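Engineer: Encoded as structure tokens, here's the structure I'll be asking about.
Every number in this text was worked out from the coordinates using simple rules, so none of it is lab data. Since we're looking at a predicted model, the values are computed, not measured. Virtual Cβ from ideal backbone geometry, glycine too; neighbours counted across all protein chains shown.
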Amino acid sequence: MYKLGHKLLNGTYIWSGNYQFKASPYPGQNSVQRVIIFGDMGKDEADGSNEYNNFQRGSLNTTKQLIDDLKNYDIVFHIGDICYANGYLSQWDQFTSQVEPISSRVPYMIASGNHKRDWPGTGSFYGNMVSGGECGVLAETMFFVPAENRAKFWYSTDYGMFRFCIADTEHDWRKGTEQYKFIEHCLASVDRQKQPCLIFIAHRVLGYSSTDFVTPHVFKTR
């Protein structure tokens, strides 16, 4: 059980209510471990208020289902395009409030996505402007992940019988790159006797069944 506090300028403290959090299983622990993986959820006003970027009404249904099923899973992976804030900090406040009943109880892990990272001249692989100038800073600040360099948002994490290899599709991951070498090592270094469940996670798909909305780089990965 834990609670969060904040010290005001006058020296007094404001405290949250009490939260409960279950410790993660050690690598290789043989127990029931349940994982939820999804992406592109977004956020919305529960009272129906009109606001900027208010086209993710379905996120309320997803969030409600996740809250209702809290006892039936142990860890969450939100793999990119977290809240579509596009540079509006208030949208992040809204999103973190929306998922607080989940993220306060179970690990809420994220992956980098184009709407959080992409901006010209910032090192992102795609030179578009869909992050609204966030350049990954807000996602990297609000959510901790065990990356060696959080500006390069690829990392691995162990959870009981699972090894998760999380790629950052908004940085170059072609053969020979720093990230490609990380992915190779992450996949090759796991002990499959202890962790038989090896999961690779990335925001963008590795290939398409059509030529619609495809960048030239996609075909090179096939």
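Engineer: Roughly speaking, what is the centre-to-centre gap between the range 28-45 and the range 80-97 when only Cα atoms are used, to the nearest Å?
Structural biologist: What the calculation gives is 19 Å, centre to centre.
Engineer: Could I ask something else about it? Assuming R0 = 41 Å, what is the FRET efficiency of PHE200 and TYR13, from their Cβ-Cβ distance, to the nearest 0.05?
Structural biologist: Working from the Cβ atoms, E equals 0.40.
Engineer: Let me ask something else about it. Lysines near LYS64 by alpha-carbon distance under 19 Å, same-chain residues fewer than 8 away left out - which ones?
Structural biologist: The qualifying lysines are LYS43.
Engineer: While we're on this one: When the helices in the chain are scored as -39500 (n - 2.57) per DSSP H run of 4 or longer and the sum is shared across all residues, what 222 nm value do you end up with, to the nearest 500 deg cm²/dmol?
Structural biologist: -6500 deg cm²/dmol
Engineer: Using a Gaussian network model of the chain with C-alpha springs under 10 Å, which one of GLY136, GLY42, GLY28 is most mobile by mean-square fluctuation?
Structural biologist: Checking each option, the largest mean-square fluctuation is seen for GLY28.
Engineer: Right, next: Step through the residues of the range 174-191 one at a time and calculate ³J(HN,Hα) from phi using the Karplus curve (6.51 cos²θ - 1.76 cosθ + 1.60, θ = phi - 60°), rounding each to whole Hz and writing x for Gly and Pro.
Structural biologist: So the J values, rounded to whole Hz, are 6, 4, x, 7, 4, 5, 4, 5, 4, 4, 4, 5, 4, 6, 7, 8, 6, 8.
Engineer: On to the next question. Students often check this: by mean Cβ neighbours within 10 Å, which of 80-88, 99-107, 59-67, 185-193 ranks highest, and how do the rest follow?
Structural biologist: 80-88, 99-107, 59-67, 185-193
Engineer: Would you order TYR126, TYR73, TYR2 from fewest to most other beta-carbon atoms within 10 Å of each residue's own beta-carbon?
Structural biologist: Least to most surrounded, the residues fall as TYR2, TYR73, TYR126.
Engineer: Using the beta-carbon distance between THR96 and ASP191 and R0 = 30 Å, what value does 1/(1 + (r/R0)^6) give for FRET efficiency, to the nearest 0.05?
Structural biologist: Plugging the Cβ-Cβ distance into 1/(1 + (r/R0)^6) gives 0.25.
Engineer: Please state the relative contact order of the chain as a whole percent: Cα pairs under 8 Å, 6+ residues apart?
Structural biologist: 18
Engineer: Which residues does the label zone of SER24 cover in the range 158-172, counting backbone N under 20 Å from a point 7 Å along Cα→Cβ?
Structural biologist: Hits in the range 158-172 for SER24 at 20 Å: 158-169.
Engineer: Which lysines, if any, have their Cα less than 23 Å from the Cα of LYS152, not counting same-chain residues under 8 positions apart?
Structural biologist: List returned: LYS116, LYS175, LYS181, LYS220.
Engineer: Could you pull out the trypsin sites (Lys or Arg not before Pro) across the range 1-51 that fall in loop regions by DSSP (anything but H, G, I, E, B) with no more than 16 other Cβ atoms inside 10 Å?
Structural biologist: Filter output for the range 1-51: LYS3, LYS22, ARG34.
Engineer: Moving to a separate point now. I need the shape label for the range 1-89. Rule: rounded when a/c is under 1.5, else prolate if a/b > b/c, else oblate, with a, b, c from the alpha carbon gyration tensor.
Structural biologist: It is oblate, given that a/c is not under 1.5 and a/b is not larger than b/c.
Engineer: Assign unit charges at the C-beta atoms only (+1 for Lys and Arg, -1 for Asp and Glu), then state the dipole size of the range 5-220 relative to its Cα centre in Debye, rounded to the nearest 20.
Structural biologist: So the magnitude is around 640 debye.
Engineer: How much length, in nm to one decimal, is gained on full extension between SER31 and ASN72, taken as 0.36 nm per residue of separation minus their Cα-Cα distance?
Structural biologist: Here the segment from SER31 to ASN72 would lengthen by 13.4 nm.
Engineer: Within the range 123-179, list the trypsin sites (Lys or Arg not before Pro) lying in a DSSP loop whose Cβ has at most 15 other Cβ atoms in a 10 Å radius.
Structural biologist: Loop-located and lightly packed - ARG174, LYS175.
Engineer: If the cut-off is a Cα-Cα distance under 18 Å, which lysines reach LYS71, setting aside same-chain residues fewer than 8 apart in sequence?
Structural biologist: By straight Cα distance, LYS71 reaches LYS22.
Engineer: Among rounded, prolate and oblate, which fits the range 5-220 when a ≥ b ≥ c are the square roots of the eigenvalues of its C-alpha gyration tensor, a/c under 1.5 means rounded, and a/b larger than b/c means prolate?
Structural biologist: Because a/c hits 1.5 or more and a/b fails to exceed b/c, the range 5-220 counts as oblate.
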